Amino acid sequence: MSSAPAFDSVIHAPGRLQICAILSSVDDAEFAMIRDAIKVSDSVLSKHLKQLEEAGYVALSKQAENGRQRTWIALTPAGRKAFAAHVAELQRLATLTAPEPLGQGFAG
Amino acid sequence: MESEVIVTNEPNPQDALAEIAAARASLGQELNYPLAYDLAYGGMLALMVGGAGLQSPWSTITLGISLTALVLMVQWWRKRVGWWVNGFSPPRARWVAFGLMGIVMALMGLSFWPRFGDGPLWVALVAGVLAGVAGIVGGRIWMAVYRQELKDTAR
């Protein structure tokens, strides 16, 4: 999927970037799996998810499993689109700011 | 002259792309699942395709068992791995899923021959076995392509 590059400050924050990266590769993921993958506490992950949810980028659903409630998270279509656009912008910026190889740009 | 230093914890583009790649790679590294899962998937496909050649009610019973097995497999995967991806979702790996679906549909058509035509029953059995093998091999290939996709793409 190609998107027009667009920087998104909601997605760009450390943590939320990793959450979106994981969710963009799967259909949905469980809260504990994401928490362990990005190595944050429950409360920090909850805050990140709340911000993404308020932006309309993720959808949360509760599912009962062996008598326990588990939270599953999925990127919404708007979230997938925003993340793809953000990554496209990062790639554009990365090419602009890429350091010159050693030995070039010097005429001594 | 005092210079103002702006401190930010937001990553620069290169670091951000590296974070994305690392997050995706970690997803692939944790993808250790038993061979039994692919064997079960092959068995489910073998039963579904082979059973399609049987007369009613056996064709319905085998279809019901194989679909129940598929639901249980999905539940097991979600519980163990903590995420789910549809076979047709990943941009590259989906072509393996399309290929496997084509093979299974062709074998299913072959399996219908004894049921709706006058073909011998062994044709359905052979079609079922071939579907099972295709499922096992296709499952392993799909996962290898998906793993590579996770490593390669920072999309």
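The values are calculated or read from the model by the stated rules, or taken from the named source; none is laboratory data. Every value quoted in this text rests on a predicted model; they were computed, and no experiment measured them. Cβ placement follows ideal geometry from the backbone for every residue including glycine, while neighbour counts extend to all protein chains displayed.
Remarks
- Counting only helices (runs of 4 or more DSSP H) that sit wholly inside region B:10-106, those with at least 1 residues that are at pLDDT 95 or above are B:35-51, B:58-81.
- Top-ranked residue in region A:41-70 [being touching a strand residue (DSSP E or B) at 6+ places or on another chain (Cβ under 6 Å) and of a type in the set (S, T, N, Q); ranked as farthest from the other protein chains (Cβ to nearest Cβ)]: A:Gln69
- Close pairs from region B:47-71: first in contact (Cβ under 8 Å) with a residue 40 or more places away in the chain and within 18 Å of B:Ala131 (Cα to Cα), partner buried (at least 20 other Cβ atoms within 10 Å of the Cβ) and among the aliphatic types (A, V, I, L, M), Cβ under 6 Å, at least 6 apart: B:Val49/B:Leu107; B:Val49/B:Ala127; B:Val49/B:Ala131; B:Gly50/B:Ala124; B:Gly53/B:Ala124; B:Ser59/B:Ala52
- Looking only at residues in region A:71-95 that are touching a Leu at 6+ places or on another chain (Cβ under 6 Å) and under 21 Å from B:Val85 (Cα atoms), the one that is nearest to the other protein chains (Cβ to nearest Cβ) is A:Ile73.
- Contact annotation: residue pairs with Cβ atoms under 7 Å, 6 or more positions apart or on different chains, pairing a residue in region B:12-28 that is more than 8 Å from every other protein chain (Cβ to nearest Cβ) with a partner that is crowded, with 19+ Cβ neighbours inside 10 Å and part of a helix (DSSP H, G or I), are B:Ala25/B:Leu150; B:Gly28/B:Leu150.
- With respect to the conditions (1) buried (at least 18 other Cβ atoms within 10 Å of the Cβ); (2) closer than 28 Å to B:Leu31 by Cβ; (3) more than 14 Å from every other protein chain (Cβ to nearest Cβ), B:Arg140 lacks only one, and its number is (1).
- Per the listing B:Gly117, B:Gly87, B:Gly109, B:Gly102, the residue uniquely closer than 21 Å to B:Ile141 by Cα, away from chain A (no Cβ under 12 Å) and not polar (S, T, N, Q) is B:Gly102.
- Of all residues in region B:58-84 being of a type in the set (S, T, N, Q) and within 16 Å of the chain's Cα centre (by Cα), the one that is nearest to the other protein chains (Cβ to nearest Cβ): B:Gln75
- From the options A:Ile34, A:Ile19, A:Ile38, A:Ile11, residue that is within 11 Å of chain B (Cβ to nearest Cβ) and under 16 Å from A:Ala88 (Cβ atoms): A:Ile11
- Any helices (runs of 4 or more DSSP H) falling wholly within region A:1-95 and containing at least 1 residues that are exposed (fewer than 15 other Cβ atoms within 10 Å of the Cβ): A:9-12, A:31-38, A:42-54
- B:Val74 meets the conditions (1) farther than 30 Å from A:Ile38 by Cβ; (2) without any contact (Cβ under 8 Å) to a residue 12 or more places away in the chain; (3) of a type in the set (Val, Ile, Thr) in every case but one. The failed one is (1).
- Some residue of region A:82-96 being at pLDDT below 90 and among the hydroxyl-bearing types (Ser, Thr, Tyr): yes
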